[in-house]
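Each reported figure results from applying straightforward, stated rules to the coordinates on display, with no laboratory input. It should be emphasised that the depicted structure is a prediction, and the values quoted were computed from it without experimental measurement. Cβ coordinates were reconstructed from backbone atoms using ideal geometry, including for glycine residues, and neighbour counts include every protein chain displayed.
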Amino acid sequence: MIRYILRRILFLIPVLIGVAFCVFTLLYLTPGDPARMILGDMATENAIKEFRAKEGLDKPFLLQFGNYIYKAITQGDIGRSYITKRPVMNEIMATFPATLKLAAFAIVIAVVVGLPCGILSAIKQYSVFDTLAMIFAMIGLSMPVFWLGLLLILLFSVHLRWLPPSGFDTFKAMILPSLALSAQSISMITRMTRSSMLEVVRADYIRTARSKGQKESVVIWVHALHNALIPVVTLCGLQFGHLLAGAILTESIFAVPGVGRLMVESIKMRDYPVVQGGVLFVAVAFSVVNLLVDLLYAYIDPRIKAQYR
Amino acid sequence: MTDKTNTNTNDNLLLDIRDLTIQYVTDSGTVHAVENLNLRLGRGETLGFVGETGAGKTTTALGIMRLIPSPPGVVRSGKIIFEGEDLLEKSEAEMRAVRGGKIAMIFQDPMTSLNPVMTVDKQIAEMIKLHKNVGEAESLKLAGDMLELVGIQRERMRDYPHQFSGGMKQRVVIAIALACDPGLLIADEPTTALDVTIQAQVLELMKELKRQFDASMLLITHDLGIVADICDKVAIMYAGRVVEYADKRALYTSPLHPYTIGLFNSVPDLDEDKEALNTIPGLMPDPMDLPSGCAFHPRCTHATEECSKSKPPMVEAGPGHFVSCPVRAGLKAQGGE
């Protein structure tokens, strides 16, 4: 198991270097001289030359890239913002807690709502509840998050005046963005849980459990659920990674000071180092979440664990 | 017809199914899975339940366990009298005590009949805890004992089903079934999914344990060889009905029903040098649209006009030898064959 984890972490390295390379190349190819951007229009040619030499910007492309990776690994230094002049790492670390909180809230809502809905839908297949749940899941899946976000603001902030439309400093302010962000995940988890349960309750081992004289509730909640959860856990993990990386729209609509919004703002202001750092950071976060999900997978499915060598 | 075998006297009767009719009601029609089925099983006996796929054998077994999936399954009529009580009258809670405790079932495919995410000792212990008044530790200890009994080392009790071979899994399933010393064991084609060599081992084990536990057994199979090996009585099923029921010896020496004869003829004979196997002409009827009268008459060489008109009753053609074919029973009575 430990060997498996180590191997997975080793595999992460080429993936991240690949991501970094793509982003770095894009940045390199975009017009605009970083030295001029940082020092400003008033800087003298000499000062610019000096800055380029100091930052290694006069070196060949591959050397610059190697330098970037080296600094990133050894010092956690992934460049400086053109605008604020502060290290990109600091900028990201300042905004990441909000994104993490938002994603965590959203995934908790998605699991707490989606899982029971999916189970109930499966147990009471074709019932009124099942039909309603499937209709709502369809709506949740197909409604774009910016549209849903605006509707939520209209209803809860403008008309009812219950919740603030923006910000992320209080618990109340966190409700609307989390809800908007979780809608798609709720729908996907509901549908996946339902179909997974439906498949499992027809399995032979469920019949075996019933033939032992086991109570129907234990058959469903112990035997069926554990097996049905296996694909759902994967989905939840993927969704969480997705929420971490993809909260850009939600953060923009609700003015949540997270990584997504930082990236949108940086793109608008051509603050490329921040964009680059943001993409890299999101890639790391996504990969780490995926690794954790795979490990969790081994925990709930002994057949997978046997393959982790 | 002078002396009836002792299995027909009531005190020795363990299971008595009368007039059982089970249907599956679907949008495209009603499937007549089991029709007016009558079956008797004495204590300590092994009854072979033989028929083609779709004849209604498994439905009958699930009917006894009251595990017919509903919808679409409906028990239309009949009685399933087990140890003097009608199982169809019992409440769900009473039925749970019967399942596993008094009637246990072994399923066809051991690869899928164990929970893949639960260690085998827990799966056996679950059964024990449900029917015996023991704690967690004691139930696990008993589970280990059961594993040893079916020939699996105790050290492997914490393993998961995927760590066992097919034959070993079926041994685990047998251990679960016998864990609470049931009076009746229903085995639904327990060896069909296994290799031939493993089949023999598993059958031998079942035979041995059945004797050791003094249980009765209902063995569902389509293999006449297995029936010859371990059964005392045989019931031949065709299109939801029992068409012949007799002692194994009587059935093998003088089969009466044309379908039974057809089944025996279609068993390949190694001594004969033949190009093609003997088959029964025609196909199993569509269970949604059974032929009138005797369901077998369209395929029967002995069929008379009467056969398509009324459903043939079960007649006792010899001591304990029942057949639902008046034509053949009549021949036998006249000493024709």
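List the trypsin sites (Lys or Arg not before Pro) within the stretch A:52-133 that DSSP assigns to loop and that have no more than 10 neighbouring Cβ atoms inside 10 Å. Write down the numbers at each step before the final one.
Working: sites: A:ARG52, A:LYS54, A:LYS71, A:ARG80, A:LYS85, A:LYS101, A:LYS124; in loops: A:LYS85, A:LYS124.
Hits after loop and neighbour filter: A:LYS85.
Restricting to the protein assembly as shown, what percent of DSSP beta bridges are antiparallel, rounded to 5? Can you show the working numbers first?
On the way: 32 of 51 bridges.
If we restrict to bridges inside the protein assembly as shown, about 65 percent are antiparallel.
Tell me the angle of helix A:225-245 to the major Cα principal axis of chain A, expressed in degrees between 0 and 90 and rounded to the nearest ten.
Relative to chain A, helix A:225-245 is tipped by roughly 20 degrees.
Roughly speaking, what is the centre-to-centre gap between the stretch B:146-191 and the stretch A:211-275 when only Cα atoms are used, to the nearest Å?
41 Å
Using the crude model of +1 on Lys and Arg Cβ and -1 on Asp and Glu Cβ, and no other charge, please compute the dipole size for the stretch A:220-304 relative to its Cα centre, in debye to 20. Intermediate results must be reported in sequence, preceding the final value.
On the way: 4 positive and 5 negative charges, 21 e Å.
Once rounded to the nearest 20, the dipole reads 100 debye.
I'd like the mean, over residues of B:112-123, of how many other protein chain beta carbons sit within 10 Å of each residue's own Cβ.
5
How about A:LYS49: which lysines have a C-alpha closer than 23 Å to its C-alpha, ignoring those fewer than 8 places off in the same chain?
Correct list for A:LYS49: A:LYS59, A:LYS71, A:LYS85.
What does the average come to when, for each residue of peptide A:294-303, you count the partner chain Cβ atoms lying within 10 Å of its Cβ?
Numbers: counts 0, 0, 0, 0, 0, 0, 1, 4, 9, 6.
For this peptide, the per-residue mean of nearby foreign Cβ atoms is 2.
Over the stretch A:89-305, calculate the relative contact order: mean separation of alpha carbon pairs under 8 Å at least 6 apart, over the residue count, as a percent. Numbers along the way, then the final one.
Values: 273 pairs, mean separation 61.1, N = 217.
Relative contact order, the stretch A:89-305: 28 percent.
Arrange B:SER310, A:SER195, A:SER266, A:SER217 by Cβ neighbour counts within 10 Å, fewest through most, would you?
Working: B:SER310 11, A:SER195 16, A:SER266 22, A:SER217 8.
Sorted ascending by nearby Cβ count, the order is A:SER217, B:SER310, A:SER195, A:SER266.
Pairs of Cα atoms under 8 Å, at least six residues apart: use those to get the relative contact order of the stretch B:27-156, whole percent. Could you put the intermediate results ahead of the total?
Details: 64 pairs, mean separation 15.8, N = 130.
Averaging sequence separation for qualifying contacts and normalising by length gives 12 percent for the stretch B:27-156.
Is the C-alpha gyration tensor of chain B telling us rounded, prolate or oblate? Criteria: a/c under 1.5 is rounded; beyond that, a/b larger than b/c is prolate, otherwise oblate. Before the final figure, lay out each step's value.
Working: a/c = 1.83, a/b = 1.61, b/c = 1.13.
Prolate.
Rounded, prolate or oblate: which one fits the stretch B:1-142, using the alpha carbon gyration tensor with axes a ≥ b ≥ c (rounded when a/c is under 1.5, else prolate when a/b beats b/c, else oblate)?
Details: a/c = 1.92, a/b = 1.28, b/c = 1.50.
Oblate.
For peptide B:174-180, how many partner chain Cβ atoms fall within 10 Å of a residue's Cβ, on average? Could you put the intermediate results ahead of the total?
Values: counts 0, 0, 3, 3, 0, 1, 2.
Other-chain Cβ atoms within 10 Å of each residue's Cβ, averaged: 1.
Relative to the first principal axis of the alpha-carbon coordinates of chain A, what is the inclination of helix A:259-268, with its axis defined by its Cα atoms, in degrees from 0 to 90 and to the nearest 10?
Computed tilt is about 40 degrees.
Cross-link list B:LYS79/B:LYS169; B:LYS102/B:LYS311; A:LYS305/B:LYS102; B:LYS122/B:LYS169; B:LYS57/B:LYS207: which exceed 25 angstrom alpha carbon to alpha carbon? Provide the component values of the computation, followed by the final result.
On the way: B:LYS79/B:LYS169 34 Å; B:LYS102/B:LYS311 34 Å; A:LYS305/B:LYS102 37 Å; B:LYS122/B:LYS169 14 Å; B:LYS57/B:LYS207 21 Å.
B:LYS79/B:LYS169; B:LYS102/B:LYS311; A:LYS305/B:LYS102, as the Cα separations exceed 25 Å there.
Remind me, relative contact order of the stretch B:212-337 in percent, using alpha carbon pairs under 8 angstrom and six or more residues apart? Mind showing how you got there, number by number?
Values: 150 pairs, mean separation 27.2, N = 126.
About 22 percent, as a whole number.
Any number yet on Rg/Rh for the stretch B:179-256, C-alpha, Kirkwood? Don't jump to the answer; show the numbers that get you there.
Working: Rg = 13.2 Å, Rh = 13.6 Å.
Computed over Cα atoms, the ratio is 0.97.
Mind checking which of A:PHE24, A:THR170, A:LEU225 is farthest towards the positive end of chain A's charge dipole, using Cβ charges of +1 (Lys, Arg) and -1 (Asp, Glu) about the Cα centre?
Result: A:LEU225, furthest along the dipole toward the positive end.
On full extension of the chain, what length is gained from A:VAL233 through A:GLN64, given 0.36 nm per residue of separation minus the C-alpha to C-alpha distance?
Details: separation 169, 0.36 × 169 = 60.84 nm, distance 4.08 nm.
Computed gain between A:VAL233 and A:GLN64 is 56.8 nm.
Going by alpha carbons, how many degrees (0 to 90, nearest 10) lie between the helix axis of B:136-149 and the longest principal axis of chain B?
50 degrees
Most mobile of A:THR193, A:THR25, A:THR44 per a Gaussian network model of chain A (Cα springs, under 10 Å)?
Among A:THR193, A:THR25, A:THR44, the largest mean-square fluctuation in the Gaussian network model of chain A belongs to A:THR44.
On alpha-carbon atoms, Rg over Rh for the protein assembly as shown using Kirkwood Rh? Mind dumping the intermediate values first?
Working: Rg = 35.3 Å, Rh = 30.2 Å.
Radius of gyration relative to Kirkwood radius: 1.17.
How large is Rg/Rh for the stretch A:2-87, to two decimals, with Cα atoms and a Kirkwood Rh?
On the way: Rg = 15.9 Å, Rh = 14.7 Å.
Over the Cα atoms of the stretch A:2-87, Rg/Rh equals 1.08.
Can you say what percent of the DSSP beta bridges in the stretch B:151-306, counting only those with both residues inside, are antiparallel? Round to 5.
Numbers: 6 of 11 bridges.
Bridges in the stretch B:151-306 that DSSP calls antiparallel: roughly 55 percent.
Give the order of A:HIS223, B:HIS257, B:HIS222, B:HIS302 when sorted by the count of other beta carbons within 10 angstrom, beginning with the fewest.
Values: A:HIS223 25, B:HIS257 29, B:HIS222 17, B:HIS302 14.
So the residues, fewest neighbours to most, are B:HIS302, B:HIS222, A:HIS223, B:HIS257.
Which value, in debye to the nearest 20, gives the size of the charge dipole of the stretch A:39-94 about its Cα centre, when Lys and Arg are +1 and Asp and Glu are -1 at the Cβ? Write out the running numbers ahead of the final one.
Numbers: 8 positive and 7 negative charges, 25 e Å.
My answer is approximately 120 debye.
For the stretch B:200-327, restrict the atom set to alpha-carbon positions and state the Rg and Dmax in Å.
Over the stretch B:200-327's Cα set, Rg and Dmax evaluate to 16.4, 50 Å.
On the first, second and third principal axes, largest extent first, how far apart are the outermost C-alpha atoms of the stretch A:259-306 in Å?
Computed over the Cα atoms, the extents are 50, 15, 8 Å.
Of the peptides B:133-139, B:173-179, how do they stack up when ordered by the mean number of other Cβ atoms within 10 Å, highest first? Intermediate results must be reported in sequence, preceding the final value.
Details: B:133-139: 12.0, B:173-179: 26.6.
Top of the packing list down: B:173-179, B:133-139.
Loop only by DSSP, 11 or fewer other Cβ within 10 Å of the Cβ. Give me the trypsin sites (Lys or Arg not before Pro) in the stretch B:217-277 that pass, ordered by residue number.
Working: sites: B:LYS233, B:ARG241, B:LYS248, B:ARG249, B:LYS274; in loops: B:LYS274.
Loop-located and lightly packed - B:LYS274.
When B:LEU263, A:LEU151 are ordered from fewest to most other Cβ atoms inside 10 Å of their Cβ, what list results?
In order of increasing Cβ crowding within 10 Å: A:LEU151, B:LEU263.
As an exercise, identify the trypsin sites (Lys or Arg not before Pro) in the stretch A:148-242 lying in DSSP coil whose Cβ has no more than 12 other Cβ atoms within 10 Å. Numbers along the way, then the final one.
Numbers: sites: A:ARG161, A:LYS172, A:ARG191, A:ARG194, A:ARG202, A:ARG207, A:ARG210, A:LYS212, A:LYS215; in loops: A:ARG161, A:ARG202, A:LYS212, A:LYS215.
For trypsin sites (Lys or Arg not before Pro) across the stretch A:148-242 that sit outside H, G, I, E and B with at most 12 neighbouring Cβ atoms in 10 Å, the list reads A:ARG161, A:ARG202.
Starting from 0 in steps of 20 Å, tell me what percent of the Cα-Cα pairs of chain A lands in each bin.
Going out from 0 Å in 20 Å bins, chain A shows 27, 47, 22, 4, 0 percent.
Select from A:GLY76, A:ILE186, A:THR234 the residue farthest towards the positive end of the dipole of chain A; place +1 on Cβ of Lys and Arg, -1 on Cβ of Asp and Glu, and compute about the Cα centre.
Selected residue: A:THR234.
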